Amino acid sequence: MKMNLRNISWAMGLVLLGSVAMPSLARKKKVQPVQKPAVQEDHLSPNDRQRYNYFFLEGARQQAAGNYSAAFDLFEHARKIDPKAAETYFYESLFYSQLKQDSLALAYMQKAIELNPENQTYAEQLGRYYIGSQKYDLAIDAYENLYAKNHDNTDALRILVQLYSQNKDYKSVLKTISRLEVEEGESEQFTLSKMRVYELMNDKKAAYQELKSLVDQHPLDMQYKTMLGNWLVQHDRQKEAYKCFTDVLKEEPDNSYAQMSLYDYYNATHQEQLAGQMLDKILMSPKSDLETKVMMYRSFIQKNESEGGDSTKVIALFDKALNVAHPSADVAEMKAAYMSLKKMPADSVCRAFEKVLTIAPDNVNARMQLVQMLWNEKKYDLVSQQCKAAQEYNPEEMVFYYFGGMAYYQKDKEDEALREFRLGLAQVNAQSPADLVSDLYAVTGDILHKKGEEQEAFAAYDSCLQWKDDNVMALNNYAYYLSEKGVDLHKAEAMSYKTIKAEPNNGTYLDTYAWILFMEERYADAKTYIDQALKNRDSTADNSTVLEHAGDIYYMNGMADESVDFWKKAYTGENQTEVLAWKIKNRQYITGEELKKRNATKQKPAAKQKSVRKGKKTEVSHVVQVRAEGPKAPEAARPERAEAPSPGHRPGYNGNQQGAL
């Protein structure tokens, strides 16, 4: 029988050991070897036994290698040779379980146990099956039988505690915990477990006695006395609770657990002034650890929100803790995060993060959030300053080179931007985030191309795509710049095609692809895509280049009237070029290079070239009507193909630096 077992988890291999991961109450059970059945007279012939051993062991080997389909077939063949072999039923049951064929899995597991009733691994697997099927009563019977046969198997008792709890059979839970105490000895954890069970049974007296016994048994451990105080508060025994807390603090004045409990007590008894004093004591004490302070701030903020959310009280609490000789950077960062969460004015939040950096100038998270906020406010000079400071304290953090460079780029300081990007690229290593490195190379390529350093720009784009071959903005710009030069058009087409597959409704990318097809003289295809580009163009953007391309493409498709309309619409702003004016006037397509040649001919008379055609003299025209070679891109300045990505919206970058925003 062939079965599709390719998707069975690798965890199947673990069941060969009969292992199970279940929560425990205390220590682990003693590991018992799998019991082997008593030696009996072999019912197989020597030849069949040898055949059985071969197929069974080969099945186990294939299973360990992850070849589950082959393993199942081999186990099945072994089972047919020896139908009394419990182990084959056991392993095939596991396969059926993985394949969600529960009835077969159960039948095979029960057969394995019938053939070898003393094998605890089989019995335990049956119990796990019942748990997975939510048949808790049957699971209880299975694990009770397991424990009855081996009292060292205390894991069975722990599972029984959970099963009885699931069934809300609390008396059986208590009895099972008592059995655990017999096997492993009494422990604090068992006592606390019994206390919680009594709570569920609403037996407050018994719960109190269990907790009180812990206090009596461990008089020097203040944790249990504080725990008892908290229990007393919850059960309206306030005076006894207060005594517990004060007794603990007499012994250990800086016990943060007791201090927090006393703070909760004051709030519960509406003693706000005392609660405030205790809160100040905890937060101002240098002996209070950060975890305690975080818990106290969280508690105070939650209480404040439940009472209307007066943020001035929270800020005042933070300021009081920070107005000391050596303030905590963590507390300062909590304040800034709270202000950001409450959407307070950006300038105020920025000052809060600046306070963090005053205390801890190497705090990457705070610096990154400050830079992000400054970027959103378009305060590019301040972004540059913060990034330069970050490079001193965290030179390995490439994101600051990116932000710093982009800030210069937004200010048209391209040389400074290029310097920043190159400093960032100098930090690249095998562990660098691919998206960030790719973006650094991409913007470097954009700047180099704008500076006329084409080969260096193309090398930067190639490096960009080595790190991230689907960086669509780089693919688009690289492809378009190649088409402008009329070189590597097939490569340009392939790159541009990736962009329209990734973003089929992006007008800029559709225009680039249409123009490359035009350069390849695939005019009909070019028209299909320029029509889509026109349909998806951003109506708020400068579309003069797209419109001029549409005119060129329509002209080459024999649609002269429509092409002139497009050219007229394109003749606006910086696109009022000599080439475009000539196209409109003469109602014909011409390249910039051809127009230059034509103008040069007019300025400097040259001997007319003659061609003999039926005895008539004709001048060779530079005007292109039907081109024998691919048209070149017009020389008119083309707007940037795509804005450099905003650092706040770079795809893929996900670090702690921006997490809170």
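The values are calculated or read from the model by the stated rules, or taken from the named source; none is laboratory data. The shown structure was predicted, so the numbers you read here are calculated from the model rather than taken from an experiment. Quick reminder, even Gly has a Cβ in these numbers, built from the backbone with ideal geometry, and neighbours come from all protein chains shown. Please note that ligands, DNA and RNA were not included when accessible areas were found on the heavy atoms of the full protein model with its side chains. Shrake-Rupley method; radii C 1.70, N 1.55, O 1.52, S 1.80 Å.
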request  = Go through region 227-254 and count every residue that is farther than 17 Å from Thr269 by Cβ and either polar (S, T, N, Q) or touching a Leu at 6+ places or on another chain (Cβ under 8 Å) (or both).
outcome  = 2
ask   = Residues of region 346-387 being over 21 Å from Phe318 (Cβ atoms) and of a type in the set (Ser, Thr, Tyr), which ones?
value = Tyr380, Ser384
remark   = Within region 355-382, restricting to residues that are of a type outside the set (Gly, Ala, Ser) and in a loop (DSSP other than H, G, I, E, B), the one that is most open to solvent (accessible area, probe 1.4 Å) is Lys378
query = Are any residues in region 402-420 under 16 Å from Leu374 (Cβ atoms) and surrounded by 15 or more Cβ atoms within 10 Å (Cβ to Cβ), and if so, which ones?
reply = Tyr402, Phe403, Gly404, Gly405, Met406, Ala407, Tyr408, Tyr409, Gln410, Glu420
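Please find, within region 587-598, the residue that is surrounded by the fewest Cβ atoms within 10 Å (Cβ to Cβ) out of those that are without any contact (Cβ under 8 Å) to a residue 40 or more places away in the chain and in a loop (DSSP other than H, G, I, E, B).
Initial filter on region 587-598 (without any contact (Cβ under 8 Å) to a residue 40 or more places away in the chain): 587-588, 590, 594-598.
Then drop every residue that is not in a loop (DSSP other than H, G, I, E, B), which leaves 587-588, 590.
On the way: Arg587: 12, Gln588: 15, Ile590: 21.
The residue in question is Arg587.
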note = Flagged pairs (Cβ under 7 angstrom, 6 or more apart or on separate chains; first in region 569-586, over 18 Å from Asp542 (Cβ atoms) and in contact (Cβ under 8 Å) with a residue 12 or more places away in the chain; second aliphatic (A, V, I, L, M) and surrounded by 15 or more Cβ atoms within 10 Å (Cβ to Cβ)) are Glu578/Leu595; Trp582/Ile590; Trp582/Leu595; Lys583/Ile590; Ile584/Val564
query = Hey, does region 536-545 have a residue that's within 36 Å of the chain's Cα centre (by Cα) and over 23 Å from Glu574 (Cα atoms)?
reply = no
ask   = Given the conditions (1) in contact with a helix residue (DSSP H, G or I) (Cβ under 7 Å, 6 or more places away or on another chain); (2) at pLDDT below 90; (3) more than 25 Å from Asp216 (Cβ to Cβ); (4) open to solvent by 60 Å² or more (accessible area, probe 1.4 Å), and given that Glu188 satisfies all but one, which numbered condition is not satisfied?
value = (3)
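Yes/no matrix, rows are residues, columns are (1) touching a Lys or Arg at 6+ places or on another chain (Cβ under 8 Å); (2) under 20 Å from Thr508 (Cβ atoms); (3) among the acidic types (Asp, Glu):
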| position | (1), (2), (3) |
| --- | --- |
| Asn543 | yes, yes, no |
| Glu548 | no, yes, yes |
| Thr572 | no, yes, no |
| Asn575 | no, yes, no |
| Leu580 | no, yes, no |
query = Residues of region 328-341 being open to solvent by 30 Å² or more (accessible area, probe 1.4 Å) and under 26 Å from Gln277 (Cα atoms), which ones?
reply = Ser328, Asp330, Glu333, Met334, Lys335, Ala337
inquiry  = List pairs: first residue in region 42-61 and closer than 12 Å to His77 by Cβ and open to solvent by less than 90 Å² (accessible area, probe 1.4 Å), second residue of a type in the set (Gly, Ala, Ser) and in a helix (DSSP H, G or I) anywhere in the structure, Cβ distance under 7 angstrom, at least six positions apart or on different chains.
reply    = Tyr52/Ala78; Phe55/Ala78; Phe56/Ala78; Gly59/Ala71; Gly59/Ala78
Matching residues in region 222-245 - criterion: being open to solvent by 60 Å² or more (accessible area, probe 1.4 Å) and outside any helix (DSSP H, G or I) = Asp236, Arg237
task = For residues that are outside any loop (DSSP other than H, G, I, E, B), open to solvent by 70 Å² or more (accessible area, probe 1.4 Å) and either in contact (Cβ under 8 Å) with a residue 24 or more places away in the chain or under 21 Å from Gln223 (Cα atoms) (or both), tally how many sit in region 246-291.
result = 8
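Quick one: is Val197 in a helix (DSSP H, G or I), open to solvent by less than 60 Å² (accessible area, probe 1.4 Å), at pLDDT 90 or above and not aromatic (Phe, Trp, Tyr)?
Numbers: in a helix (DSSP H, G or I): yes; open to solvent by less than 60 Å² (accessible area, probe 1.4 Å): yes; at pLDDT 90 or above: yes; not aromatic (Phe, Trp, Tyr): yes.
It is true that Val197 is in a helix (DSSP H, G or I), open to solvent by less than 60 Å² (accessible area, probe 1.4 Å), at pLDDT 90 or above and not aromatic (Phe, Trp, Tyr).
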key: Members of region 150-180 that are over 20 Å from Ile131 (Cα atoms) and either in a loop (DSSP other than H, G, I, E, B) or open to solvent by 10 Å² or more (accessible area, probe 1.4 Å) (or both)   = Asn150, His151, Asp152, Lys171, Leu174, Lys175, Ser178, Arg179
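Matching residues to (1) in contact with a helix residue (DSSP H, G or I) (Cβ under 8 Å, 6 or more places away or on another chain); (2) under 25 Å from Val371 (Cα atoms); (3) not β-branched (Val, Ile, Thr):
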{"position": "Glu307", "(1), (2), (3)": "no, no, yes"}
{"position": "Leu322", "(1), (2), (3)": "yes, yes, yes"}
{"position": "Ala332", "(1), (2), (3)": "yes, yes, yes"}
{"position": "Met339", "(1), (2), (3)": "yes, yes, yes"}
{"position": "Lys342", "(1), (2), (3)": "yes, yes, yes"}
{"position": "Pro345", "(1), (2), (3)": "no, yes, yes"}
ask   = Given the structure, is Ala206 in a helix (DSSP H, G or I), of a type in the set (Gly, Ala, Ser), crowded, with 19+ Cβ neighbours inside 10 Å and modelled with pLDDT of 90 or more?
value = no
query = Pairs, please: C-beta under 9 Å, at least 6 apart or cross-chain, first residue over 20 Å from Glu199 (Cα atoms) and in region 216-235, second β-branched (Val, Ile, Thr)?
reply = Gln217/Thr191; Asp221/Val215; Met222/Val248
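A quick yes/no check of all residues on (1) assigned to a loop (DSSP other than H, G, I, E, B); (2) within 23 Å of Ala502 (Cα to Cα); (3) of a type in the set (Ser, Thr, Tyr):
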residue	(1), (2), (3)
Asp412	yes, no, no
Arg419	no, no, no
Gln427	yes, no, no
Leu436	no, yes, no
Ala442	no, yes, no
Asp446	no, yes, no
Gln455	no, no, no
Ala459	no, no, no
Cys464	no, yes, no
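Pick from region 342-353 the residues that are touching a residue at least 12 places away in the same chain (Cβ under 8 Å) and open to solvent by 20 Å² or more (accessible area, probe 1.4 Å): which of them is farthest from Lys287 (Cα to Cα)?
Kept after step one, since they are touching a residue at least 12 places away in the same chain (Cβ under 8 Å), are these residues of region 342-353: 342, 344, 346, 349-350, 352-353.
Keeping just the survivors that are open to solvent by 20 Å² or more (accessible area, probe 1.4 Å) gives 342, 344, 346.
On the way: Lys342: 30, Met344: 32, Ala346: 34 Å.
Selected residue: Ala346.
Is at least one residue of region 66-85 within 27 Å of Lys149 (Cα to Cα), open to solvent by 30 Å² or more (accessible area, probe 1.4 Å) and modelled with pLDDT of 90 or more?
Among the residues of region 66-85, at least one is within 27 Å of Lys149 (Cα to Cα), open to solvent by 30 Å² or more (accessible area, probe 1.4 Å) and modelled with pLDDT of 90 or more, which makes the answer yes.
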Residue list for region 486-499, filter: in a helix (DSSP H, G or I) and either loosely packed, with under 15 Cβ neighbours inside 10 Å or in contact with a Phe, Trp or Tyr (Cβ under 7 Å, 6 or more places away or on another chain) (or both) = His490, Lys491, Ala494, Met495, Ser496, Tyr497, Thr499
task = Output the number of residues of region 501-535 satisfying the condition of being surrounded by fewer than 17 Cβ atoms within 10 Å (Cβ to Cβ), of a type in the set (A, V, I, L, M, F, W, C) and over 36 Å from the mean Cα position of the chain (by Cα).
result = 1
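Looking only at region 301-314, count every residue that is among the β-branched types (Val, Ile, Thr) and open to solvent by 30 Å² or more (accessible area, probe 1.4 Å) and tell me the total. Reasoning before the result, please.
Taking region 301-314 as the starting set, the residues that turn out to be among the β-branched types (Val, Ile, Thr) are 301, 312, 314.
Now narrow it down to the ones that are open to solvent by 30 Å² or more (accessible area, probe 1.4 Å): 301, 312.
Residues in region 301-314 being among the β-branched types (Val, Ile, Thr) and open to solvent by 30 Å² or more (accessible area, probe 1.4 Å): 2 in total.
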